[in-house]
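No lab work stands behind these numbers, since they all come straight from the coordinates. It should be emphasised that the depicted structure is a prediction, and the values quoted were computed from it without experimental measurement.
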Amino acid sequence: MFKGHRIVYKRPKRRFTRTPRPLHACDDCGKPTRLPFSPNKGLPVYCKACFARRAARRHTDRTAA
Ligand SMILES: [Zn+2]
């Protein structure tokens, strides 16, 4: 028996009526990635993995220097 109630969220059925976010090729690995923001022109775009990797590297570089 379950204790308490399971909260059931009603998920609205989304139809692709809205225009989907455009895919941008990751500047590092080239994988198409969806951004939650519109990228600035001229700035490199990274996917989540590459962004995290670069952020981590930058962090270590900073601590090393
Ligand atoms: Zn990438």
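Close amide H contacts of Asp27 (hydrogens built in the peptide plane, cut-off under 5 Å, sequence separation of 5 or more or a different chain): Val45, Tyr46, Cys47. Just tell me which aspartates and glutamates come within less than 14 Å, Cα to Cα, of Lys48; anything on the same chain fewer than 8 places away is out. Partners within reach: Asp27, Asp28.
Applying the Karplus relation 6.51 cos²θ - 1.76 cosθ + 1.60 with θ = phi - 60° to segment 27-38 yields 3J(HN,Hα) values of 6, 9, 9, x, 6, x, 10, 9, 9, x, 9, 8 Hz, where x marks Gly and Pro. Taking 0.36 nm per residue of separation and subtracting the Cα-Cα distance, full extension of the segment from Leu35 to Arg57 would add 5.8 nm. Rg over Rh for segment 23-64 works out to 1.04, using Cα positions for both radii and the Kirkwood form for Rh. Working note: Karplus 6.51/-1.76/1.60 with θ = phi - 60° gives segment 39-47 the couplings x, 6, 6, x, 9, x, 10, 10, 6 Hz, where Gly and Pro are set to x.
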